1. Among the numbered conditions (1) within 16 Å of residue 286 (Cα to Cα); (2) of a type in the set (Val, Ile, Thr); (3) crowded, with 16+ Cβ neighbours inside 10 Å, tell me where residue 244 comes up short.
2. Within segment 174-186, identify whether any single residue is without any contact (Cβ under 8 Å) to a residue 24 or more places away in the chain and either hydrophobic (A, V, I, L, M, F, W, C) or in contact with a helix residue (DSSP H, G or I) (Cβ under 7 Å, 6 or more places away or on another chain) (or both), and answer yes or no.
3. Going by the structure shown, is residue 516 of a type outside the set (Gly, Ala, Ser), open to solvent by less than 40 Å² (accessible area, probe 1.4 Å) and more than 27 Å from the chain's Cα centre (by Cα)?
4. Does residue 577 fit the bill of being outside any helix (DSSP H, G or I) and either among the polar types (S, T, N, Q) or in contact (Cβ under 8 Å) with a residue 12 or more places away in the chain (or both)?
5. Could you grab me the full set of residues in segment 543-566 that are open to solvent by 20 Å² or more (accessible area, probe 1.4 Å) and either assigned to a loop (DSSP other than H, G, I, E, B) or among the aromatic types (Phe, Trp, Tyr) (or both)?
6. If a residue counts only when it is more than 23 Å from residue 504 (Cα to Cα) and touching a residue at least 12 places away in the same chain (Cβ under 8 Å), which strands (runs of 3 or more DSSP E) contained entirely in segment 24-123 have at least 2 such residues?
7. Please verify whether residue 292 is under 29 Å from residue 355 (Cα atoms), out of contact with any Leu (no Cβ under 9 Å at 6 or more places or on another chain) and open to solvent by 40 Å² or more (accessible area, probe 1.4 Å), treating the condition exactly as stated.
8. When only residues in segment 133-149 that are surrounded by 20 or more Cβ atoms within 10 Å (Cβ to Cβ) and over 18 Å from residue 87 (Cβ atoms) count, which is farthest from the chain's Cα centre (by Cα)?
Amino acid sequence: MTGDWRAGFLAPRLRWVQVAKTARSRGLAALQDEHRLELAACDFTTGEVRRLGVPTDGFIDSAWVAADATSAFFLADEGGNELGHVHRVTLDDTNAIGDMTPGLPDYALRGADVSADGETLVLDIVTDEGYDLVCLPARGTPVASPRHLVRTVHEAWNCRVSADGTVATLDTTDHAPGTRRFAVTAYDTATGAVLGRLILPSPGAANAVCFSPHPGDQRVLIASQRAGDRSGVLVWDPVGDTIVELLEETAATVVPLDWSPDGRHALLCVELLSAQWLERVDLRTGERERLDLPTGSFRSPYLRTSQFGAGGSVLASHEHGMSPLRLIAWHAPSRHRVLLGGDGSPDRAGFEHVVFPSSDGTQIQGWLARPTGTGPFPAVVHCHGGPHVSVADEFTPAARAWVDHGFAYLTVNYRGSSGRGRAFEEQIHGDVGHWELEDLAAAHRWLVDEGISVGGEILINGESYGGFLVLYALGRQPELWAAGIGEVVLADWELTHHDSPLAMRRLDEMLFGGPPETHGDLYRERSPLTYVDEVRAPILLWQGSNDTRTPPGQVVAYAERLVARNHPFELHWFEGGHGFGDEGGHLAHLDRAIAFARNAVGG
């Protein structure tokens, strides 16, 4: 690894940026450096980014900025376990911190929002009792007991609150338990009464994006998915019981991101085979305008988004494969400039957009980075986590590391990934692991057929759900993979289910069609632990000691089976939860992974 590359890897960089609702020249960011990932206050006018000394986990919905940018809210957990309490931190020089829910037990968080008037905070909290939508004052002294608006035992995500704080929404599945075909339910924040429910015809789904920016206007911007892989944008008034269908697409996926402060426009991210661009649409006429911005990506589910800024601008969170996040201000008709971030270097060649057929003819999309030269090269096939997310042309430090050491790097949006329609995403439900492995085998075959690599020099790598796929592939496709490298992996579904909080158990039950008590045979059939004796390739694993998504016990059980058969593997533990919190630790991991891979392929 070259010194220049290493310095670039460790340099401070932005992971996400949020814009305050009524003070759009200021906001909140997650700032990553060698030692930690922490929150920072941003001034988009001056370019100031001031650290707050508050750690975060990198998910954009784990922290959010108050409407007037005078404070921020975040989930304070215990050592990365994602269970704790929401705290408020002031964004002045004192950085005073206080617990917003001191009377509640620890909880996971599946959504939060603050009203544009700055007065009302809504939280979607999850305990073993269920999913609770609660409402509390955003300012002043924290209350002992927030107002409970609703509790459900079925998955419920993504709460939103109106500009004046009188109406809240929650994406609910009470109408379709065991799925993520969400409806949007609206509640009176004073009484908890249901004001309306938006349910699209099966297999459709609706998700609330944001309320109108104007007090007294209770309309909600809605992302819709319908049968036939149609995606669209609706404006729903739960009080007036009206729906305006703004637009619908069949070829591409359209995701609404924000509602402009003047109420005139919605900001859209359009995705076609994971290629992205931004548009704004006039809410009165439906006229769409594509923004003239650099090639790359502008959103990633749960990780970053783009929003409207001050003065009619759009603040685009732009990345591509070899360049970290930079915040670009776009102004009509076609002007843009970088406000924050980037690494100061010219745009470099990033990922190649590739498409290849799987075993059933389905076209699978991926992103390829490779060294200069003609090859063949040893290669890494990367599996993202989720599973219902996707990889766009986004900054991937690991790809730069692998390519710098002579490896090709292919990250695959396998079946189950988002952005390709509901049928593609849900094809793995009840059939966990099957189509994903077909798609990964197709990636292996494509690398060989294209002369990019050779069969005995292709490794598989992934994290979280992608880590499950690493171990599952090693046991079910042992002839394909030269080695497996996994981070925060899932080795046994049944053990994981029993050791996880409710918020994670509901994901398992959706994927398998029920809990282990009723679907135990399928849980065992699709667990890597069942096939550990078939594994041929060496394995390198990293696992968090405080991880509640992929708990330690199931990895220990897998490692014990490897030890019993004297199979070559390494298992490294780090202090933390579901991922590295510092780039120094990540860099050490990459150094070891690359050395391990070189040894596996005889390099």
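The values are calculated or read from the model by the stated rules, or taken from the named source; none is laboratory data. All figures in this text were calculated on a predicted structure; none of them were measured in a lab. Neighbour counts run over all protein chains shown; Cβ positions are idealised from the backbone, glycine included. Side chains included, ligands, DNA and RNA excluded: accessible areas come from the protein's heavy atoms. Shrake-Rupley method; radii C 1.70, N 1.55, O 1.52, S 1.80 Å.
1. In the conditions (1) within 16 Å of residue 286 (Cα to Cα); (2) of a type in the set (Val, Ile, Thr); (3) crowded, with 16+ Cβ neighbours inside 10 Å, residue 244 misses (3) alone.
2. Yes, some residue in segment 174-186 is without any contact (Cβ under 8 Å) to a residue 24 or more places away in the chain and either hydrophobic (A, V, I, L, M, F, W, C) or in contact with a helix residue (DSSP H, G or I) (Cβ under 7 Å, 6 or more places away or on another chain) (or both).
3. No: the conditions fail for residue 516.
4. So residue 577 passes the test.
5. 545, 546, 548, 549, 565, 566 - these are the residues of segment 543-566 that are open to solvent by 20 Å² or more (accessible area, probe 1.4 Å) and either assigned to a loop (DSSP other than H, G, I, E, B) or among the aromatic types (Phe, Trp, Tyr) (or both).
6. The qualifying strands (runs of 3 or more DSSP E) are 26-32, 37-43, 48-55, 71-77, 84-90, 97-99.
7. Here the answer is yes, as residue 292 does meet what is asked.
8. Here the residue is 149.
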